[in-house]
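Working notes for the structure below.
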Amino acid sequence: MVTTRGKKIKLDLDSSEGELDRERDDEVPGEGRAYGDAGTIFLNACLFLAAKPAPKRRRTKRSKSSEDDSAFNPGASSGKGKEKAPSDQNQLITRRNGRGGKLRDLMNMPVDIFTEVCSYLGPHDLRRLALTSKRLWAILMTKEAKHIWKAAIASTSGLPKCPTDLTEPQYVCLLYSSECYTTACTSRGTKVDWYHRVRFCSACHAKKMTNESDLSYGYCSIGRLTRGTINQVMVYFNSYPVMSLANSRQQGYTRKADEQYYYIEALKKAGRKYEALPRENVGGYLSRLKKMHDYRVKTGTAMLKWKRSQLASRADDIAAEKNARFQSIKVKLLELGWDEKDFPISNKEFRDLAFKDQKLTDKIWQNILPKLEAQLETHRNERLELEKEQRRSSRENATTKFYHQVGLEAINLPFELWNLTSLLPEADEVFALPSVKALLENDTETVTEEQWTEVAPDARIFVLKWWRDFLKQLTYRLKNNGTVPPNKTKQRTEGTTSDAETPEAISTSIESLQGKLSLTTAAWFCDGCHDKNVFWFPHAIRHLWECHGFYGMDSMLQPLRRDDQKLVLRLLKDSGLDPKTAKSEHPVEDDNEKNLLCTRCDERVARYMSWNEMVNHFLAAQRWYENATEAVRKSLDACYPSRTVKSKLPKIVNDHAWTARNALLVRQDDEKTKEAVLKLQSNFRKQGLNDPSCDTTGIGGEDLEQHPWREVKRYCLLCPKSYGPYACSTGKIELHIRRK
């Protein structure tokens, strides 16, 4: 039984085939409410076809016909109190009792005219018309009105024919209603099962429907049916072939979308019928259930597809109505002087007012205009403030770009790095300059190059002062063995606020400081690197950026220790250079330009190096000796795990000590000498082929460098563990053992 607004439509299973019964319930319904669209269509049709105008009535007098007709005046009586009512009260009563208007003689209309009028209505309007009163319900819910419902269904384009297991009112109710089919339930029927032709709310759906897992494991009891009976009939009441189309569209590939639901009441009736049949009739009954199942799948799928198309069409219509309403509001607001940029489209309150599927009338416009203007005013203020911030940001970005160009030109470093501007002071410090601050406060879209030219000298002086202070700090740390100046902040502030100095004087001071830092004796090492390589200004800054991103300059970049400074002085002396005037050279990348050879290394394995590499070469040898000696002293067993008990350990020698002997540490060869040394080294490498384990097949007299994979690699077992050289040829290992 389906209850819709007090009206009941019977939906029962046939006792013989398990189908929905077509029997109608002619029970008298309760009172309903009128619907605008159906009433309007019906009124116009009546006036056109009946052509029977109602007599005019005066407002001050009561209509005799309305007084005599008790059907339209259920409250009218002949009491004396009514007769003695004043004229004002009579007018009110007349208006109230005259609510029927021109339809007061509707029920006296001939049946053929009434039928012709109803034939112009669609299924949805016809159903709503039947819900307007008890008398119309009683007329339209009879077998004699069946042709009216069929005509209404046939007039709807694309609507499938009414299934044989439903009456026409039941079919229309299933398609258009939104009520739950459970009697006395007032919730909306949001869950429709097109296979079982039912509509339930969420709570009723959970009670009246069951899924396959509950049936299979016995969590849901179907009356007193046995498990065998349920297994026989449940396959013919599975709504999954139809409902999977709807669930997959709404929920995607989830577990709930794949659940198979069954209508409990249908299973009960079919199961009881199955158990009551003789064994010889069971096959025929199951055959009829199979046909019913196929028919319901076919018709249910057709209904679902049609409903889907209607919803999509309705969604398009609603979107068009919303857009038309918004366009109307947009035109009116633009006429009032508002800008389209002021429309807060992202605001939910504005969208609820502007994008609504309701036609914009003058009354509605007057009601929503104050709310719209308040939101527009708020959004305009926010937009103007945001645009102001964006213009400020654009000016700051342009100023920062110009400032970085001026800053890099001022410090004039001999190399380029993609993020070298991070070495410069923060742009906010430049923004604080009076001239730049005034430029930024000027509310323009951006800063042009002509505008920047006027303030560029101030920015250049600012960068020059900062660069001079930076070089002063490096010079101070170089003289004081890495100590940071105590008045660093005060020195920075004074250097950036003094106006007495000219750019020329500052540039002269910078050149003097750069001359001191570019001396060969002004060497630095990076305390943050494992190999402690030595660098000279300004390439120490390049290393600090590439490896550490300019972080920790005061802690990582340290001047050489005093003993290491002695090495630099000794190398300068051996090279014949004056420590007071010798300048540091740029890093040499080309091996052909390197001509310094270490005299402490054997010529057969020594390599030509640049000045920077030579200093790092001696310092690396010194660090190796110190670290290896310390490791053996602290953990002898870890350095020599395979030694025998009380065996004599090899003595580690520092063959690159620059204070032990007065011999030259380095020599500079000319091209002829360099060529001879390189030839000697090539012959020495070829001698490695004499190793019996070396694969010399096919080499002949070719240079071994073309076939390095044929050379046997060996390790030194006399060095402490993890301190030996990389695997090399037998000849190199022999030279290593003799020197170390």
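For the subset of region 157-186 comprising residues that are within 45 Å of the chain's Cα centre (by Cα), surrounded by 14 or more Cβ atoms within 10 Å (Cβ to Cβ) and among the hydroxyl-bearing types (Ser, Thr, Tyr), which member is nearest to ALA302 (Cα to Cα)? Steps first, please.
Restricting attention to region 157-186, the residues satisfying the condition of being within 45 Å of the chain's Cα centre (by Cα) are 157-160, 172-182, 185-186.
Those left that are additionally surrounded by 14 or more Cβ atoms within 10 Å (Cβ to Cβ): 159-160, 172-177, 179-182, 185.
After this cut, where a residue has to be among the hydroxyl-bearing types (Ser, Thr, Tyr) as well, the list is 176-177, 181-182.
Working: TYR176: 15, SER177: 18, TYR181: 21, THR182: 25 Å.
Only one residue tops the list, namely TYR176.
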Seminar exercise, completed: Within region 334-366, residues touching a residue at least 24 places away in the same chain (Cβ under 8 Å), loosely packed, with under 12 Cβ neighbours inside 10 Å and farther than 17 Å from ARG380 by Cα come out as GLN358, LYS359
Problem set entry | Filtered residues of region 606-638 (kept if open to solvent by less than 50 Å² (accessible area, probe 1.4 Å), in contact with a Phe, Trp or Tyr (Cβ under 8 Å, 6 or more places away or on another chain) and aromatic (Phe, Trp, Tyr)) | PHE618
Seminar exercise, completed: Over region 126-137, the set of residues in contact with a helix residue (DSSP H, G or I) (Cβ under 9 Å, 6 or more places away or on another chain) and more than 13 Å from TYR171 (Cα to Cα) is ARG128, LEU129, ALA130, LEU131, THR132, ARG135, LEU136, TRP137
Seminar exercise, completed: Selection from region 601-651 of residues under 23 Å from GLU734 (Cα atoms) and among the basic types (Lys, Arg) yields ARG604, ARG607, ARG623, ARG643, LYS648, LYS651
Exercise. Does region 425-448 include one or more residues that are under 24 Å from PRO538 (Cα atoms) and not in a helix (DSSP H, G or I)?
Worked result: yes
Seminar exercise, completed: Flagged in region 719-731 as modelled with pLDDT under 85 and over 56 Å from the mean Cα position of the chain (by Cα), in numbering order, are SER729, THR730, GLY731
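Pick out the one residue from ARG395, ARG380 that is under 31 Å from the mean Cα position of the chain (by Cα), under 30 Å from ASP469 (Cα atoms) and either in contact (Cβ under 8 Å) with a residue 40 or more places away in the chain or crowded, with 16+ Cβ neighbours inside 10 Å (or both). I'd like the intermediate steps shown before the answer.
Values: ARG380 fails: under 30 Å from ASP469 (Cα atoms).
Being under 31 Å from the mean Cα position of the chain (by Cα), under 30 Å from ASP469 (Cα atoms) and either in contact (Cβ under 8 Å) with a residue 40 or more places away in the chain or crowded, with 16+ Cβ neighbours inside 10 Å (or both) holds for just one of ARG395, ARG380, which is ARG395.
The values are calculated or read from the model by the stated rules, or taken from the named source; none is laboratory data. Predicted model only: the values in this text are computed from it and were never measured. Note that we place each Cβ from the backbone using ideal geometry, even for glycine, and neighbour counts take in every protein chain shown. To get the accessible areas, we keep the full protein, side chains included, count just its heavy atoms, and leave off ligands, DNA and RNA. Shrake-Rupley method; radii C 1.70, N 1.55, O 1.52, S 1.80 Å.
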